[in-house]
1. Extent of the chain along each principal axis, from alpha carbon coordinates, in Å, largest to smallest?
2. Need one number: nm distance between label points at TRP111 and THR53, each 7 Å from Cα along Cα→Cβ, rounded to one decimal.
3. With each pseudo-label sitting 7 Å past Cα toward Cβ, what's the THR118-ASN73 distance in nm, one decimal?
4. In whole Hz, what ³J(HN,Hα) sequence does region 46-52 give by Karplus (6.51, -1.76, 1.60; θ = phi - 60°), x for Gly and Pro?
5. For LYS113, give me every one of the aspartates and glutamates with a C-alpha distance below 19 angstrom, ignoring sequence neighbours fewer than eight places off in its own chain.
6. 7 Å from Cα along Cα→Cβ at both ILE27 and VAL5: what's the point-to-point distance in nm?
7. Expressed as a rounded percentage, what relative contact order does the chain have, with Cα pairs under 8 Å and six or more residues apart?
8. Compute the accessible area per residue over the chain, keeping the other protein chains in place, probe 1.4 Å, unit Å².
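The values are calculated or read from the model by the stated rules, or taken from the named source; none is laboratory data. A quick note: this is a predicted structure, and the numbers were derived from the prediction, not measured. Reconstructed Cβ throughout: ideal geometry from the backbone, glycine too, with neighbour counts over all protein chains shown. Heavy atoms of the whole protein, side chains included, go into the accessibility calculation; ligands, DNA and RNA do not. Shrake-Rupley method; radii C 1.70, N 1.55, O 1.52, S 1.80 Å.
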Amino acid sequence: QVQLVESGGGLVEAGGSLSLSCAASGIIFRVGDMGWYRQAPGKQREVVATISTGGTRIYAGSAKGRFTISRDNAKNTVFLQMNSLDPEDTAVYYCSARIQERFSSAGVNYWGKGTLVTVSS
C-alpha cells in the first residue's frame, strides 16, 4: 500500500520560514512528478509547486521567489522550503506524487493527508 506522509507544518509568525517534507512509502517501482498543493479555509485546493523526476520546477505565482521545491529521488521524498510567509499562506498543505507500484503497468496519483500551516500576523 503506497502512502504519502507529510510533516513540518505548524504555527509561524509573518515573515518567518517553515520547511515541509513528504515521503512516499510502499512497494514502489517508480515515482514521477511530485508536488505541493494547498487549501485555505473556504477555498479550493490550488497548486503551489511541482517538480519532475529530472528536477524541472514549476511554481504558482504566489510561491515564486519565496518557496523552493526540491526532491530526493533516492528517498522518494519531496520538500518545500517556505520563506517570507504571509497570513495568506495559511492553509492545509498536501503533497501529491504520481507513483507506479511494482508489478503495476501504470502510475497513479497519490495524495497525502495534509499538514496545517498557520501564519500569524
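1. 49, 25, 23
2. Roughly 2.5 nm, to one decimal.
3. 3.9
4. So the J values, rounded to whole Hz, are 9, 6, 9, 6, 10, 9, 7.
5. GLU6, ASP33, GLU46, ASP89
6. That separation, rounded to one decimal, is 2.0 nm.
7. 36
8. 55
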